[in-house]
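Okay, so here's the structure we're looking at.
What follows is calculated from the coordinates using simple rules that are stated; it is not laboratory data. Values in this document were obtained by computation on a predicted structure and should not be read as measured data. Cβ sites come from the backbone with ideal geometry, for glycine too, and all protein chains shown count toward neighbours.
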Amino acid sequence: MPTTNRKKQKQGRDTAVQGTNDSSVVSKVSAAAQGYFHDIFLQHFVCKVVRRAPLINRGYYVRWRAVDHCIRRFFQVTENCPKRQILSLGAGFDSLYFRLHADEALVRAVVFEVDFPDVARRKTALINSNITLKGMLDAHLPCPGPVHVSSGQYHLLGLDVREESQVVEALDAAGLDWAAPTLILSEVVLTYMETQWSDVVISWAAKLLPQSLFVMYEQIHPDDPFGRIMQDHFLKLNSTLHALRQYPDTAAQRRRFLDKGWEQCVCLDMNDFYLGLVPEEERCRVEVLEPFDEYEVRLLKCGDHFTMRQVTGTT
């Protein structure tokens, strides 16, 4: 295939993947609007609020709750550290910084976000045009190169995370401390890359950030009924889930990270998380928010999982 055609195909796939951000943030806004979780900042990143089906709302609630659990736990175990960092890969229109800032949770902490340049530009425009969001940033610092937003505790970079040298250079310029405790966050991001590239990201993160925790939320179980439907859905969107076949379950994902230089790895599917780490009182609250009778489908859907990796020293 001619190089030009391959380049056009890659650009088309990248554009399609960027489109999944728009769908995801609409779903998060829907779940928040129905009371599944509290986030008043997400609404500023959508044109209008669209109500999703209860199954979608509950799925996004469990996803939000799992990631939030990991972030809060990270802040707990690093509370005595002079500096903490969050590095969000493929952050999209996530409102994480604004939510944590409002909760006064960013004590001695800085948030770095990396996403495609077009996504970063759009997010920057939304932030700058919104008095609420812009008012939550410190005095703006100079924005060199791909850095679109730079303030005391928040930096937004427009880069392809597959380009290791460019990402490292830009994070250096933005002030990332490679030795500080860092939570690396990837919510359904690496799976859109061909595994040769996503594996490289996992490897360089382990190598360059020796005091870090990697939190990843992705799909597993490609061959169960929901897994097949899920794959067909993303294939139609030109956003293939590449990691799903090579790393089909939590055991494979665990081996993957250990093989790529991470010292410890814990994997939970969302059913285990929901039943084991969400208090019963909270589960009861969620169960009555909307009429719901798709419990078997939800069990399959919650085969999605988040993974937690911790490194205690240079590997």
Check your understanding: What nm value, rounded to one decimal, do you get for the distance between Gln166 and Arg108 when each label is placed 7 Å out toward the C-beta?
Key -> 3.5
Point to revise | Gaussian network model of the chain, Cα within-10 Å springs - most flexible of Lys48, Lys28, Lys123 | key: Lys48
Practice item. Can you tell me the relative contact order of the chain? Whole percent, Cα pairs under 8 Å, sequence separation 6 or more. Key: 18
Exercise for review: Would you pull out the residues with amide H under 5 Å of Ser88's amide H, same chain only if 5 or more places away, H placed 1.01 Å from N?
Suggested key: Phe112, Glu113, Val114, Leu185
Practice item. With label points built 7 Å along Cα→Cβ from the Cα atoms of Leu277 and Ala252, find their separation and express it in nm. Key: 2.2
Check your understanding: Can you run phi through the Karplus equation (6.51, -1.76, 1.60; θ = phi - 60°) for region 283-291 and list ³J(HN,Hα) in whole Hz, with x for Gly and Pro?
Key -> 4, 5, 4, 5, 4, 9, 5, 9, x
Practice item. Work out from phi, with θ = phi - 60° and the Karplus expression 6.51 cos²θ - 1.76 cosθ + 1.60, the ³J(HN,Hα) of each residue of region 224-235, listed in order in whole Hz, and give x for Gly and Pro. Key: 7, x, 5, x, 5, 4, 4, 5, 4, 4, 6, 5
Exercise for review: Rank Ile131, Ile86, Ile56 by mean-square fluctuation in a GNM of the chain with C-alpha springs under 10 angstrom and give only the top-ranked residue.
Suggested key: Ile131
Exercise for review: Multiply the residue gap between Cys284 and Asp259 by 0.36 nm, knock off their C-alpha separation, and tell me the result in nm, one decimal place.
Suggested key: 5.0 nm
Practice item. Would you mind checking Lys134/Lys207; Lys28/Lys236; Lys236/Lys260 for any pair whose Cα atoms are more than 25 angstrom apart? Key: Lys134/Lys207; Lys236/Lys260
Exercise for review: Assuming R0 = 25 Å, can you tell me the calculated FRET efficiency for the pair Ile131 and Glu79, based on Cβ-Cβ distance, to the nearest 0.05?
Suggested key: 0.20
Study note, to complete from the structure: Distance in Å, no decimals, from the C-alpha centre of region 257-272 to the one of region 47-111 is 20
Exercise for review: Set the Förster radius R0 to 51 Å, insert the Cβ-Cβ distance between Asp232 and Leu141 as r into 1/(1 + (r/R0)^6), and round the FRET efficiency to 0.05.
Suggested key: 0.65
Revision key, fill the gap. As a percent rounded to 5, the proportion of antiparallel DSSP bridges among beta bridges in the chain is 40
Exercise for review: Quote to one decimal, in nm, the extra length available between Asp118 and Ile40 on full extension: 0.36 nm per residue of separation minus the C-alpha distance between them.
Suggested key: 25.6 nm
Revision key, fill the gap. The chain, Gaussian network, Cα under 10 Å: of Val77, Val25, Val167, the residue fluctuating most is Val77
